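In what follows, a single structure is set out as structure tokens and then discussed.
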């Protein structure tokens, strides 16, 4: 009685398709990430290494000039301008305001922007430079 040998199934798979998927994911995340637009001035220094996504960037100069995503705005129009920017954002639940205050800016100016964020029920983070 002759027994037939069964062919063994190989447990290997091609890694080339996996690298293609990883490459496509990398491109996707690079294209969909937000880039912070901050006026070029010196930021406060910090040891914190946390990186957070941002929806809106507000820059405050020593002179009290406010810039929203590269456009100059007044403190009176800031809340309505931020609300308009947030309405364009697809991730409304995770909206974040990045506050970039120049070194030497009175903290009262930063608190005004933080109060605007509180009124809009949006998270606010302070931008700093690494040490």
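The values are calculated or read from the model by the stated rules, or taken from the named source; none is laboratory data. Note that the structure is predicted; figures quoted are calculated from it, not measured. Reconstructed Cβ throughout: ideal geometry from the backbone, glycine too, with neighbour counts over all protein chains shown.
If only residues of the stretch 80-89 that are crowded, with 16+ Cβ neighbours inside 10 Å and at pLDDT 85 or above are counted, the one that is farthest from residue 126 (Cα to Cα) is 81. Of the strands (runs of 3 or more DSSP E) that lie entirely inside the stretch 54-127, those containing 3 or more residues that are under 16 Å from the mean Cα position of the chain (by Cα) span 56-60, 96-101, 123-126. The residues in the stretch 1-41 that are surrounded by 10 or more Cβ atoms within 10 Å (Cβ to Cβ), under 30 Å from residue 66 (Cβ atoms) and at pLDDT 75 or above can be counted, and the count is 0.
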